[in-house]
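*Asks:* I'd like to ask some things about the structure below.
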Protein chains: 4
Amino acid sequence: MDKKRIAIIGASGYTGAELVRLATSHPGLEIASLVADRNAGLEMREVFPGFRHLELPRLIDLEALDLAGIDLVFCALPHATSQTVVKSFPESVKVVDLSADFRLRDPAEYERWYGKPHAAPELQEQAVYGLTEFYRDEIRGARLVACTGCNSATGLYALLPLAESNAVDPEEIIIDLKTGVSGAGRSPKEGTLHSEVSEGFHAYSVAVHRHLAEFDQELSRAFGMQIRVTFVPHLLPQNRGILATVYLRGEAGLIYEVMQSRYAHEPFVVVLPKGEHPSTRHVRGSNYAHIGVVPDRREGKTIVFSTLDNLAKGSSGQAIQNANLMLGLPETTGLESAPLFP
Amino acid sequence: MDKKRIAIIGASGYTGAELVRLATSHPGLEIASLVADRNAGLEMREVFPGFRHLELPRLIDLEALDLAGIDLVFCALPHATSQTVVKSFPESVKVVDLSADFRLRDPAEYERWYGKPHAAPELQEQAVYGLTEFYRDEIRGARLVACTGCNSATGLYALLPLAESNAVDPEEIIIDLKTGVSGAGRSPKEGTLHSEVSEGFHAYSVAVHRHLAEFDQELSRAFGMQIRVTFVPHLLPQNRGILATVYLRGEAGLIYEVMQSRYAHEPFVVVLPKGEHPSTRHVRGSNYAHIGVVPDRREGKTIVFSTLDNLAKGSSGQAIQNANLMLGLPETTGLESAPLFP
Amino acid sequence: MDKKRIAIIGASGYTGAELVRLATSHPGLEIASLVADRNAGLEMREVFPGFRHLELPRLIDLEALDLAGIDLVFCALPHATSQTVVKSFPESVKVVDLSADFRLRDPAEYERWYGKPHAAPELQEQAVYGLTEFYRDEIRGARLVACTGCNSATGLYALLPLAESNAVDPEEIIIDLKTGVSGAGRSPKEGTLHSEVSEGFHAYSVAVHRHLAEFDQELSRAFGMQIRVTFVPHLLPQNRGILATVYLRGEAGLIYEVMQSRYAHEPFVVVLPKGEHPSTRHVRGSNYAHIGVVPDRREGKTIVFSTLDNLAKGSSGQAIQNANLMLGLPETTGLESAPLFP
Amino acid sequence: MDKKRIAIIGASGYTGAELVRLATSHPGLEIASLVADRNAGLEMREVFPGFRHLELPRLIDLEALDLAGIDLVFCALPHATSQTVVKSFPESVKVVDLSADFRLRDPAEYERWYGKPHAAPELQEQAVYGLTEFYRDEIRGARLVACTGCNSATGLYALLPLAESNAVDPEEIIIDLKTGVSGAGRSPKEGTLHSEVSEGFHAYSVAVHRHLAEFDQELSRAFGMQIRVTFVPHLLPQNRGILATVYLRGEAGLIYEVMQSRYAHEPFVVVLPKGEHPSTRHVRGSNYAHIGVVPDRREGKTIVFSTLDNLAKGSSGQAIQNANLMLGLPETTGLESAPLFP
């Protein structure tokens, strides 16, 4: 395979490292540059000793990045910093952005949720939302793809097919979501210390989480009306994995049929046998999402479960999947490894 | 304090050990007998080395148990075995039962959920449901108290005050519950191995969990109408702690007032400041339950959180609290230790 | 019991919180002041929500601390800051210091290991090393006690009796130690994030850890000759607990006899039956240390295991035990709770 | 690549599942049969839901296994059952055995450590010990390869190069080893429950572990004299990963040179820069072993660290590596994925 040359910006974070992990076993990608401002000058193996056996370019700072000959840039920077960085790139380079910066189509919504005006609204216009299974054609032709939030992806896999087919009551959607701690990143904070996270469980950002903006946007579009879901995320004492338990008004039989039919030919979204429900541990480290549909004991109520690995299908795996499309490679290339268990 | 003499049956399980832990720092209780059929003949320190420094009676089998001089028996046996054991006791001995055997007032309900007729329906009639804060007076005079399921207690603390005051729509109650693995007991099963539980998360017994029977019974009684809630329990990769996220139709302001007023004088149920929500790690090892009330962003919807330690307030702490009442001791005796964190 | 009034400085760290936990169930202590510079003005329950049910003084900064009427101060500050703080106290107030500042008798040793001169060498002279079982009489009469390092305590319980009785070869001592992450404190660092610690294991500070200074000092004194041990600490993916595996040249029979005899009347150091070895989980949250002696298969070699809870017997429990002695209270007061398991 | 057809016996255990995981992303292997007596009749996805997206043969029992057309059998059965199974195979089929059955060259040693006579001593004679880096040529031509114990492999990587070059004192070798719990397998036992393992740490099989037999055999052979090491394994509260801390009498400079030179061209054994030491988390899920050499502060003493993933390089990865050699495939095929972190 003729290798496409990529750069990864933000290589010393967890999503950056996950991109490196996936890219180094991807037959169609070659890592040309690794950018990490804070750690510029170091070898990747000094920041992530698990890469010790690999030959990788030394970490550089953004100024030193030469985009000549680069086919695609993965931008894994913190929210709000990505927009100015991407703005500085020549039009010729394709970009997969993993931050929240280009996810919201409406700049006013962006400002409302993130508290300041968007710095590159003209780029926002060309950005395609990166939920591959629902924007595949647009992604194929896109120059800039905005990968979804990992929580959003998990919820949307459970809900978008039902919205498209009007299988549930749009006024009564509750997403109770539980996520691993790696989604909070590698920057030291008291709240993500081992002593604070392990052997305990709590909710966070109840009813105000920024991923609500993505739910609002995507579900309103899919349902064809303004949607406001209830969304409560919780922090799990584990590193990887998100599981959403979605409470719906709708018939389990119909919901199951819709799911099965919608995902029948999707390589990475697996619908479990009716009545079964998934576990985060069965997708750990993989690009697969598992969906389960279980009837409630109450008539006309159904529970839909959705799970994925936040660093893989929820961000870096999704990013590679989108990059495959943008680069004309087979969509599944480099992403079919089975999950790691136990 | 003149010590009351107790026996603990089922001393080699986790709730049995928790009873021993609590009883040995309780100034009013003296452990007279420890019964554990499978481990009879062993010292408690051989089964739980953490008790090595304590002088405790040797484990005996049930046949060897002499109830003369025993004031109260804690029965921490597996479900279905407790009823015949308690049946064999003389009327003079008080019993706190930690199994599910005496929780359901209606023997028909018992048979429906547990698949066989109740073996001691005459005892069922005198049994008092052990949710202390709601049955305090009956417990004080009871001969037999049936401690609640740990999941049930967690949900009922969030719901019973609202039922009593009609603060929420009884048709729209969803309990999304997450529980630590110690509730599954010490018997070896594949599903509770470290390799199967750690670093992962999943639901179990979706919409069919037996604790539903307790929810039905207690909520129907409190609401004064037949109630059917939606209940989905999940297994957390941690040992202790349950957190219920309860989705309700009702005004947060009213709900908060009801909670505050109902629990204002309760020693062990703490209502957090409005808008705050609890964590299992802040009740670990203690007899306290924490309740939080948070308004949803959607009008007229509220999220109530309830958390407790399944082995303490959820079973053995609750059992001691009830025993205190039954024995005429101050209710909080031996139960006021602060939680262990981290 | 007539209560002694205490102040806790550094109340918002883990050892500070552990002091509060233990003091609030101690019948002879009353918490008069809680000092925490960074969090001054907050309630303790805002920093540690597990204390929500307790009435505690509001956190103040050091300048606001009034020592009038205070019997004893627990100083749980970071290393190097404690010496100047303690220096400012009037002679009349007793001090239990939990930092490393007063552990090394020789100021030159302090400077060598900590890289700068000691700021209060005159206080160092009066400080007593806080390993209760070996300095009980001095502690009883001390004004200033320097609690040991948690790693040091674990190793010294295994070694000091053997040194006193010359039961092992002092030239061949290897301490392979494993410690939980709470010992690293609550300040956010990349290395103690959940994602970095859980599901993994590694050594740290190999052969250069500062606790070596304590080993050198105490073992040289006990053996009556200059001792240099090999010491390799490792970080466990758990919060509480230290276990030292100590490799020795010496006869297991003699070693066991020495241990048994030395600790026979100690309330908190338990020697397991010969050939058994301990687990950190059986001392969790308690003030007990467990010691095991196992013969190696090689003649004349013995393995001694020592375990304790780093936050309890390793620091805050030890501190309370010493304070009991200094205040004329029974040594075991408030410290006899059984460990929390599971 | 023309695919070789393999069968996996014992497919429902952890090493069996790891073989399936690795084989399904191996370009040269095709899984022809999966044998699992207890679960015969089930689909692999029912036993390990993480394989749900894969097309795999249904699990069969051993009697139904047809070896016609099978190039190689992986036998991942419990100890003592493997020998009779392998005995029943035709000579034409190659076998990689993951049990302990064929590791000890001397049948008398086998009987001494495993308590009964070997059932297939004639097969033992042709078995090659599966530590690839030290038996590569023999493995290439072998019909039957006995994969090493995972603990043994970890220790031997640290010691064999030093034995071959006489760089250390053979009389003074101490292996303090820490291992994840997945090595104990998927059969339910009290000791491997989550509640018993998490948040705790202890030694096991002190000085009597059966892997000692492998150490004795391999080290005696390498040193050219009878060797008896001290070996203490401990159980970590994590699923994957082994780390051995090996205490040696020998010069760190020489030891480092020996290591570097011995492993310079090995694809899967990585020697860290001098003075650095490894972490289990940096090899998780991968076929890499990391070795670190650190001088002790005591003259002439050195600490060597060795780490690997017990299910990968410690058993199933090692098995695939050996199978590659036996089947004439490039040795590294299918094994070069980077570790999963976090």
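Read-outs throughout are calculated quantities, based only on the coordinates presented, and are distinct from any laboratory measurement. Here the structure is a predicted model, which is why all the values come from computation and not from measurement. For neighbour counting, all protein chains shown are included, and Cβ atoms are generated from backbone atoms with ideal geometry for every residue, glycine included.
*Asks:* Give me D for chain C in µm² s⁻¹, whole number, from Stokes-Einstein with Rh from the Kirkwood sum over alpha-carbon pairs, 37 °C and 0.692 mPa s.
*Replies:* Working: Rh = 20.3 Å.
Once the numbers are plugged in, D ends up at 161 µm²/s.
*Asks:* Kindly give the semi-axes, whole Å and largest first, of the ellipsoid equivalent to region A:113-249, taking each as the square root of 5 times a Cα gyration tensor eigenvalue. Present the calculation step by step, with values, prior to reporting the outcome.
*Replies:* Details: eigenvalues 141, 86, 38 Å².
They are 27, 21, 14 Å, listed largest first.
*Asks:* Using 5 Å bins from zero, what percent of all Cα-Cα pairs in region D:296-341 falls into each bin?
*Replies:* Distribution as computed: 5, 17, 20, 17, 11, 8, 9, 9, 4, 1 percent.
*Asks:* Something else: If you take the beta carbon distance between A:E43 and B:R136 as r and set R0 to 56 Å, what does 1/(1 + (r/R0)^6) give as a FRET efficiency, to the nearest 0.05? The partial results should precede the final answer.
*Replies:* Working: r = 66 Å, r/R0 = 1.18.
FRET efficiency, A:E43 to B:R136: 0.25.
*Asks:* Quick check on region B:148-194: what does the Kirkwood estimate of hydrodynamic radius come out to from the alpha carbon pairs, in Å?
*Replies:* 13.0
*Asks:* If you don't mind, another one. Based on alpha-carbon positions alone, could you give the equivalent ellipsoid semi-axes of region B:1-159 from the gyration tensor, as √(5λ), descending, whole Å? Walk me through the numbers before you get to the answer.
*Replies:* Numbers: eigenvalues 135, 62, 51 Å².
Here the semi-axes work out to 26, 18, 16 Å.
*Asks:* Also: Provide the percentage of antiparallel DSSP beta bridges, counting only those with both residues in the protein assembly as shown; round to the nearest 5.
*Replies:* 45
*Asks:* Using the basic label-point model (7 angstrom from Cα toward the beta carbon), what is the B:E257 to B:E55 distance in nanometres?
*Replies:* So the two model labels end up 5.8 nm from each other.
*Asks:* Given H placed on each backbone N at 1.01 Å, which residues far from C:L193 in sequence or on other chains put an amide H within less than 5 Å of it?
*Replies:* When sequence neighbours closer than 5 places are left aside, the close amide H contacts are A:H194.
*Asks:* Here's another thing I want to ask about it. Just list whichever of D:K4/D:K313; D:K87/D:K189; C:K94/C:K178; C:K3/C:K94; C:K87/C:K189; D:K3/D:K87 have alpha carbons separated by over 23 Å in the model shown.
*Replies:* On the way: D:K4/D:K313 21 Å; D:K87/D:K189 30 Å; C:K94/C:K178 33 Å; C:K3/C:K94 15 Å; C:K87/C:K189 30 Å; D:K3/D:K87 26 Å.
Checking Cα-Cα distances, D:K87/D:K189; C:K94/C:K178; C:K87/C:K189; D:K3/D:K87 exceed 23 Å.
*Asks:* Taking only DSSP H segments of four or more residues, each worth -39500 (n - 2.57), what value at 222 nm results for chain A once the sum is divided by all its residues, to the nearest 500 deg cm²/dmol? All intermediate terms of the calculation are to be shown ahead of the outcome.
*Replies:* Numbers: 11 runs with 98 residues, N = 342.
Helix-only estimate at 222 nm: -8000 deg cm²/dmol.
*Asks:* On alpha carbon coordinates alone, what is the Rg over Rh value for region A:131-175, Rh being the Kirkwood radius?
*Replies:* Details: Rg = 12.5 Å, Rh = 12.0 Å.
Ratio value, two decimals: 1.04.
*Asks:* Right, another one. Which listed residue (D:L212, D:G334, D:L248) has the Cα farthest towards the positive end of the charge dipole for chain D, taking +1 on Lys and Arg C-beta and -1 on Asp and Glu C-beta about the Cα centre?
*Replies:* D:G334
*Asks:* Between A:E266 and D:K3, take the C-beta separation as r, use R0 = 25 Å, and let me know the FRET efficiency to the nearest 0.05. Before the final figure, lay out each step's value.
*Replies:* Details: r = 27 Å, r/R0 = 1.06.
Rounded to the nearest 0.05, the efficiency is 0.40.
*Asks:* Let me ask you something else. Could you list C:V145, D:V128 so that the one with the fewest beta carbons within 10 Å of its beta carbon is first and the one with the most is last? Show your work: numbers first, answer last.
*Replies:* Working: C:V145 30, D:V128 21.
Ordered by Cβ neighbours within 10 Å, fewest first: D:V128, C:V145.
*Asks:* Roughly how many nanometres apart are two label points built 7 Å out from the Cα toward the Cβ at A:S25 and D:M225?
*Replies:* 4.5
*Asks:* Then there is this: Taking every DSSP beta bridge that has both residues in region C:135-271, what percent is antiparallel when rounded to the nearest 5?
*Replies:* 55
*Asks:* What does the copy distance list look like for A:K274, label position 7 Å along Cα→Cβ, in nm and ordered from shortest?
*Replies:* The answer, with the shortest distance listed first, is 4.6, 6.8, 6.9 nm.
*Asks:* Something else: When every alpha-carbon pair in region C:232-283 is counted, what percent end up more than 18 Å apart?
*Replies:* On the way: 583 of 1326 pairs.
Of all Cα-Cα pairs in region C:232-283, 44 percent lie more than 18 Å apart.
*Asks:* Return the percentage of antiparallel bridges among DSSP beta bridges fully within chain C, rounded to the nearest 5 %. Don't skip to the answer; put the middle values down first.
*Replies:* On the way: 22 of 52 bridges.
Taking every DSSP beta bridge with both residues in chain C, the antiparallel ones total about 40 percent.
*Asks:* Cα atoms only: what Rg and Dmax, in Å, come out for the protein assembly as shown?
*Replies:* Spelled out, the Cα radius of gyration and Dmax of the protein assembly as shown are 31.3, 90 Å.
*Asks:* Compute the distribution of all C-alpha to C-alpha distances in region C:161-309, in bins of 10 Å from 0, and list the percent of pairs in each, rounded to whole numbers.
*Replies:* 11, 37, 37, 13, 2
*Asks:* Which ³J(HN,Hα) values in Hz, rounded to whole numbers, follow from the phi angles of region D:215-229 under the Karplus curve 6.51 cos²θ - 1.76 cosθ + 1.60, where θ = phi - 60° and Gly and Pro get x?
*Replies:* 4, 4, 4, 6, 6, 4, 4, 6, 7, x, 7, 6, 10, 10, 8
*Asks:* On to the next question. If you draw the axis that swings chain C onto chain D, which residue of C has its Cβ closest to it, and how far is that in whole Å?
*Replies:* In chain C, the Cβ lying nearest the symmetry axis toward D is C:D176, 2.
*Asks:* Could I ask something else about it? Once both axes come from the Cα atoms, what is the angle between helix D:14-23 and the longest principal axis of chain D, in degrees from 0 to 90, rounded to 10?
*Replies:* 80
*Asks:* Continuing with this model, one more query. Above 18 Å lies some portion of the pair distances; for region B:80-156, what is it as a whole percent of all C-alpha pairs?
*Replies:* Value for region B:80-156 (Cα pairs over 18 Å): 36 percent.
*Asks:* Continuing with the same structure: Once amide H atoms are placed 1.01 Å from N in the peptide plane, what residues at a sequence separation of 5 or more from B:R52, or on another chain, have their amide H within under 5 Å of its amide H?
*Replies:* So B:R52 has HN proximity to no qualifying residue.
*Asks:* To make sure I understand the rule: partners must be lysines, Cα under 20 Å from the Cα of B:K301, and not fewer than 8 residues away in the same chain. Which ones qualify?
*Replies:* Hits, sequence-local ones excluded: A:K301, B:K274.
*Asks:* Modelled label-to-label distance, A:D106 and B:L62, 7 Å Cα→beta-carbon offset: nm?
*Replies:* Result for the modelled spin labels: 6.6 nm.
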